[in-house]
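Undergrad: Starting off with a structure, shown below.
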Amino acid sequence: MNCSKTGLLLLGLLGLGLSGCSTEPKAKLDHKFEFLNNGEICIGVDMNAGGAIAFLSTGSEEEQDNWVNIHDLGRYIQQCYYAGEEVDRREEGQHERFSPWKWNPIQAGSIGCTFDPPHPNAHSEVLEFKKEDTSLYLKCVPRLWDMPGETPECFFEQWIWLEGNSVRVRNKVTVNRTDDIWGDGELREQELPSIYPIARLRDGYTYTGKEPWTSDAVVKMPDNPEGYDVNIPPTQPGGFPWNRFDAAEHWMAYVNPKTGIGFGVYNPTATARWVCGFFQGGGAKGDGPYSDSNCFIGPLRWMKLEKNDTFEYEYYLILGTVEDVRGFAYEKQGKTLKLEDS
């Protein structure tokens, strides 16, 4: 989800990172990066946004080389969870675009980043941070997306390790809710995690066929589903901007059409249908990290989060070509990727 997102009600698939109606942040976000860099890959977390992953490149720490969209607090590469029933809390300050809404903590911060001035409690808070040469750990208190500055009764943890041209990430949420607002135990699609590549990495590839792990041909995903109309609200047929697909090999990559280089994600625990697409934003121009336009990958899994619960998972970010990303997935599966020219 992002500060330009509207809630997905279509087919009951609620809340998956949408960019349907653009809303510009009223002020540029104040970032504070902490980097890990092994010369092959550079990753940065934003200490002013709950430690969400805000930077990814092939070893450079220069802003123009960043492949992560950080237009607002709902972008980034970050943890995002859903639980409970949808509740109308507008009398308590809930944003009208996200009412009614479920319990929805996200790592970077809340919709309050779009206010003028921004809500003073919109940014999530880092509680602990430890960094070594090629790894880091952090713990944060997230924010509820729909409530401009409300802190949920949970905390997130994140471990990051650099491994060659890849990053291994472990995410964990610990829930200790005492409220009676949203109820308990609604089955929801979870984003594991929510990923926003920059618009410059326009071409998305994955494998959706019936013969996984056989080096069968990959597919280039369309920007949007057939029949998508940007003028239709995302709650209506034809307005949902993301493609739904079976990620049969549990990976997807977005790459620059000119160079064939970009990054991808591999997550074998994301067993539901994934979502992806390209959003042509109407706000900040360009195709870089601060542009309103962006790409999106949502590796999904159906799961309940109870009022007292913990959940953790791991995923990988891989830099390189589509073949590099797919080859990484094959290696993790103990398979050999056979290229056509080999």
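The values are calculated or read from the model by the stated rules, or taken from the named source; none is laboratory data. This is a predicted model, so every value here is computed, not measured. FYI the Cβ positions are ideal-geometry reconstructions off the backbone, even for glycines, and counts take in every protein chain you see.
Undergrad: Determine if the range 161-176 includes at least one residue that is in contact (Cβ under 8 Å) with a residue 24 or more places away in the chain, small (Gly, Ala, Ser) and either buried (at least 17 other Cβ atoms within 10 Å of the Cβ) or farther than 17 Å from residue 264 by Cβ (or both).
TA: yes
Undergrad: So, one more: Starting from the range 295-316, keep only residues that are in contact (Cβ under 8 Å) with a residue 40 or more places away in the chain and farther than 11 Å from residue 269 by Cβ, then list their pairs with residues that are small (Gly, Ala, Ser) and assigned to a strand (DSSP E or B) whose Cβ atoms are within a distance under 6 Å, requiring at least 6 positions of separation or different chains.
TA: Final answer for the pair search is 296/277; 305/83; 316/166.
Undergrad: Which one is modelled with the lowest pLDDT among residues in the range 27-47 that are part of a loop (DSSP other than H, G, I, E, B), under 21 Å from residue 112 (Cα atoms) and not small (Gly, Ala, Ser)?
TA: 28
Undergrad: Considering each of 307, 258 in turn, give the residue that is over 26 Å from residue 73 (Cα atoms) and more than 19 Å from the chain's Cα centre (by Cα).
TA: 258
Undergrad: Name the residues in the range 60-99 that are at positive phi, crowded, with 22+ Cβ neighbours inside 10 Å and either of a type outside the set (Phe, Trp, Tyr) or over 20 Å from the mean Cα position of the chain (by Cα) (or both), would you?
TA: 84
Undergrad: Further question on the same structure: Within the range 110-127, identify whether any single residue is loosely packed, with under 15 Cβ neighbours inside 10 Å and closer than 17 Å to residue 78 by Cα, and answer yes or no.
TA: yes
Undergrad: All but one of (1) crowded, with 19+ Cβ neighbours inside 10 Å; (2) modelled with pLDDT of 95 or more hold for residue 148; state the number of the condition that does not hold.
TA: Status for residue 148: all satisfied but (2).
Undergrad: Another one. Any residue at all in the range 48-59 that's in a loop (DSSP other than H, G, I, E, B) and more than 19 Å from the chain's Cα centre (by Cα)?
TA: Yes: the range 48-59 contains one or more residues that are in a loop (DSSP other than H, G, I, E, B) and more than 19 Å from the chain's Cα centre (by Cα).
Undergrad: Further, regarding this structure: Give me the residue from the range 226-277 that is assigned to a loop (DSSP other than H, G, I, E, B), in contact with a helix residue (DSSP H, G or I) (Cβ under 8 Å, 6 or more places away or on another chain) and of a type outside the set (S, T, N, Q) and, out of that set, surrounded by the most Cβ atoms within 10 Å (Cβ to Cβ).
TA: It comes out as 240.
Undergrad: Of all residues being crowded, with 19+ Cβ neighbours inside 10 Å and not polar (S, T, N, Q) in the range 151-160, which is nearest to residue 115 (Cα to Cα)? Just the residue, please.
TA: Of everything passing the filter in the range 151-160, 152 is nearest to residue 115 (Cα to Cα).
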